[in-house]
Amino acid sequence: MSESAAPLPIALLENEIQEYAWGSRTAIAELLGRPTPSPQPQAEMWMGAHPRAPSRVRIDGRERSLLELIRSHPREVLGPRVCERFSGRLPFLFKVLAVERPLSVQAHPNARQASAGFARDEARGIGRDAPMRSYPDASHKPELVCALTPFRALFGFRPVSEIRALVDRLAVPGLGAEAVRLERGSEEAALRDFLAGLLGMDPAQRLRVVGEVAAAAAAREGEESAFECVVRLHDEHPGDLGVLAPLYLNAVLLEPGQAMFIPSGELHTYLHGMSVELMANSDNVLRGGLTAKAVDVHELLRILRFRAARVEVLTPETDEPGSASYRTPADEFRLSRLEIGADAPFTCGPDRNVEILLCTAGDVRISPVRSSQTLTLARGASCLIPACAGRYRLTGAGTLYRASVAV
């Protein structure tokens, strides 16, 4: 190690809270044991080393950003395999989400698309924080969302037959051309043409059609949950094309402990609830509605997968005594749930890399096997466990979510 011969200790994290309009003024504050309501809506708590909002750690009496710590001690923090595989970067970003109002309808690029898009934006001289920038970094962004409370979302295209049936039941004249597009060619062509037709409406047509759909849905909302969702979204975002998303995206309800993987190219939005979210360390988002931010229609249509999606609700699978993990194809991350009890302590295995632990219930004590250090995680607290800290033991009683790297 460059600054000290002693191994890096397990360290509590101080995390940035992002204040967005769709957030809650109670959920994150209550998790952290802070006064409620918070002055502003709190939407996300970031745990990680993203350059925009890195967590902070205190080691040897000195506070520094996790980004700085990794840069100065990459192999010690990350572990040799992760350091080599991801070029000395923490490859994941861990979040708590508190969704009071719907997020934007959005999708994320795959690795090839992100790299090419970032290079294009750089060549055009678009500032990385500019509102019109589509690719602030060169990474893809697969993500896993795991419910802490009942969590509602929309994910992936419905089958073309379902979309056509919902559109036909509303009988809105302004959607006639889009309904015809659903009957043309392959599933991919039908879905692409349908969404392109919606997103290509001029402002006056958009306002008229969205208003007509909301009125028709309100007249029939007791018949169909998608219609109820259209009405709620119109109350939040009147005139926005994202109001129509329940007609063409699958409705999802995750119960606490259930999760859903969001691969690249799948259109989705989160509607309400609290969750943890684990993703590749990227901020690349292409939006398609329910937002005041820029919508890059051409780029969104270019990255989407136009196919009916199968919603797979994930539950954790035991991978070692006391730990159960949510299986995904992502190399950058693995999410595990640990239930610790008086008669159920947990000792991690010997083959581990960097980890971040978040306590969502109870009080848990963390003790490295080869040192006398003991650190307590209360509800809402999180910590960094560097790879060089070796094996550790958890005692007490509580629920933890653990973010690690899958490789």
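Every number in this text was worked out from the coordinates using simple rules, so none of it is lab data. In this text, all values refer to a predicted model and were calculated from it rather than measured experimentally. Heads up, the Cβs are rebuilt from the backbone with ideal geometry, glycines too, and the neighbour counts pull from every protein chain shown.
Descriptive notes on the structure:
- The mean of 1/r over all distinct Cα pairs in segment 292-365, once inverted, gives the Kirkwood hydrodynamic radius of 16.3 Å.
- If you take all other residues with their beta carbon under 15 Å from the beta carbon of Val210, and give Lys and Arg +1 and Asp and Glu -1, the sum is -3.
- Distant-in-sequence amide H partners of Arg334 (H built 1.01 Å from N, under 5 Å): Ser404, Val405, Ala406
- Percent of Cα pairs exceeding the 38 Å cut-off, where the set is the chain: 24 percent
- Taking the Cα atoms of segment 255-407, the ratio Rg/Rh between the radius of gyration and the Kirkwood radius comes to 1.04.
- Based on alpha-carbon atoms, the Kirkwood radius and the radius of gyration of segment 317-404 give Rg/Rh equal to 0.93.
- This model, with +1 at the C-beta of Lys and Arg and -1 at the C-beta of Asp and Glu, gives segment 317-404 a dipole about its Cα centre of some 260 debye.
- Semi-axis lengths (Å, descending) of the ellipsoid that matches the C-alpha gyration tensor of segment 2-60: 30, 13, 7
- 0 to 90° range, to nearest 10: angle between helix 187-199 axis and the chain longest Cα axis: 80 degrees
- Measuring how big segment 99-230 is from its alpha-carbon positions, Rg and Dmax come out at 18.1, 51 Å.
- Between the helical axis of 225-236 and the longest alpha-carbon principal axis of the chain there is an angle of about 80 degrees.
- Extent along principal axes [Cα atoms of segment 1-120; Å; largest to smallest]: 47, 42, 20
- Longest to shortest principal axis, alpha-carbon extents of segment 358-407, angstrom: 28, 27, 13
- Segment 96-156 - convex hull of the alpha-carbon atoms, volume per residue in Å³: 114 Å³
- Taking the chain and dividing mean pair separation by its residue count, relative contact order in percent (alpha carbons under 8 Å, at least six apart): 21 percent
- The 3J(HN,Hα) values that the Karplus relation (6.51, -1.76, 1.60; θ = phi - 60°) gives for segment 159-168 are, in residue order, x, 4, 5, 5, 4, 4, 5, 5, 4, 5 Hz. Gly and Pro appear as x.
- Calculated FRET efficiency for the pair Asp129/Thr374, C-beta based, R₀ 51 Å, to 0.05: 0.80
- Distance between the C-alpha centres of segment 332-401 and segment 166-182: 53 Å, rounded to the whole angstrom.
- Theoretical gain in end-to-end length, Arg365 to Lys293 [0.36 nm per residue, Cα-Cα removed]: 21.6 nm
- A compact globular protein would have a Cα radius of gyration near 2.2 N^0.38 Å; the ratio found for segment 57-123 is 1.54.
- Of the residues Leu148, Leu12, Leu207, the one that moves most in a GNM of the chain with alpha-carbon contacts below 10 Å is Leu207.
- Largest-first principal axis extents of the Cα set of segment 160-243 (Å): 34, 29, 19
- Computed FRET value (nearest 0.05) for Arg192 with Ser225, which takes r as the C-beta separation and R₀ as 35 Å: 0.85
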